[in-house]
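So the structure is just underneath, and the comments pick up after that.
The values are calculated or read from the model by the stated rules, or taken from the named source; none is laboratory data. None of the values given here were measured: they were computed from a predicted structure. Cβ: placed from backbone, ideal geometry, glycine included. Neighbour counts: every protein chain shown. These area figures cover heavy atoms from the full protein model, side chains too; ligands, DNA and RNA do not enter into them. Shrake-Rupley method; radii C 1.70, N 1.55, O 1.52, S 1.80 Å.
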Amino acid sequence: MRLTGVGVGPGDPGLVTMAAFEEIRSAMVVFAPSLAAAAVGRAETVVAKLVPSITCHRVVFPMGRGRPGVEARRAAAAEAAEQMAGVMIEGGRYAFVTLGDPTLYSTFSLVAEYAKLRLPKLEIAVIPGVMAFQRLLALSTANFLDNDEPLHLVLGIGSDQELERAIGDRNAGVVIYKVGSALPRIKELAREFGRSADAVAGWLLGTEEETVMPLPLVPDEVPYLATVAIRPTREPD
Ligand SMILES: C[S@@+](CC[C@H](N)C(=O)[O-])C[C@H]1O[C@@H](n2cnc3c(N)ncnc32)[C@H](O)[C@@H]1O
């Protein structure tokens, strides 16, 4: 019995890999996370566009932040694993679709952990997906990192210190996920460190509502699915 976390990219079915497509098509059941039983999750939307004949099995997964959020997510993952275990049979192949890549900030890691506890013989596999930030870079630059330039991947909902350290490292590229209410602070730090001209933000990437703009022009409130990218500061030759 195998459960595969399948990354379906940021939203555009054209950005789904062949490996992901094949796994989705051949799975006995495709599980998809959603916020409520009646709500169609983003990953499910990608599957529906890709293979309209497939009906995903929804796994309700509330989102949240902070302590109660972590506990609620753990409880939801345990409940999801229980639901999935009730569907899975010996020898079957199952797919769990997630936005972007399953190994990064994805519901899959937690669900896989609990599914494995519930079904110790379960094999866990992953098919990588195109991440949202890659879509943003593709739309905004042909040269994000070069030579020995490092990359910081940080969270807007993380600590202010981390954010400041990442943006303050002018020779590094910065990607910011889970931007949330930190957007005004991100803009302020980019200004402070002279990086505004190298910074872009994109939201709902890969969907019909995809928007990309220079960071200084971005409104202070953007959807949850928003990403910021800042290129390393390069001195002219
Ligand atoms: C729970 S994480 C999921 C990350 C995902 N596993 C990935 O590999 O891209 C959610 C965060 O990813 C980013 N994100 C995911 N999909 C996005 C999209 N379509 N457009 C913009 N940002 C996106 C946002 O920063 C969002 O807050």
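If I go through the stretch 177-194 residue by residue, how many of them are assigned to a loop (DSSP other than H, G, I, E, B) and either touching a residue at least 40 places away in the same chain (Cβ under 8 Å) or among the hydrophobic types (A, V, I, L, M, F, W, C) (or both)? So the answer is 3. Scanning the stretch 205-221 for residues that are surrounded by 20 or more Cβ atoms within 10 Å (Cβ to Cβ) and within 21 Å of Arg185 (Cα to Cα) turns up Leu215, Val218. When Leu136 is tested against (1) outside the structural domain of Pro13 (by TED's automatic domain parsing); (2) more than 14 Å from the ligand (Cβ to nearest atom), just one condition goes unmet, and that condition is (2). Counting the residues of the stretch 43-80 that are assigned to a helix (DSSP H, G or I) and at pLDDT below 95 gives 15. Among the residues making up the stretch 1-37, those that are touching a strand residue (DSSP E or B) at 6+ places or on another chain (Cβ under 9 Å), open to solvent by 10 Å² or more (accessible area, probe 1.4 Å) and among the small types (Gly, Ala, Ser) are Ala19, Ser26, Ala27, Ala36, Ala37. Residues that are within 14 Å of the ligand (Cβ to nearest atom), of a type in the set (A, V, I, L, M, F, W, C) and part of a strand (DSSP E or B) within the stretch 195-229 comprise Val200, Ala201, Trp203, Val212, Met213, Ala226, Val228, Ala229, listed in sequence order. For the stretch 81-105, residues that are farther than 18 Å from Val8 by Cβ and among the hydroxyl-bearing types (Ser, Thr, Tyr) total 0. Candidates Leu122, Leu163: the one that is crowded, with 20+ Cβ neighbours inside 10 Å and farther than 28 Å from Pro13 by Cα is Leu163. Residues that are within 13 Å of the ligand (Cβ to nearest atom) and assigned to a loop (DSSP other than H, G, I, E, B) within the stretch 87-111 comprise Leu99, Asp101, Pro102, Thr103, Leu104, Tyr105, Ser106, listed in sequence order.
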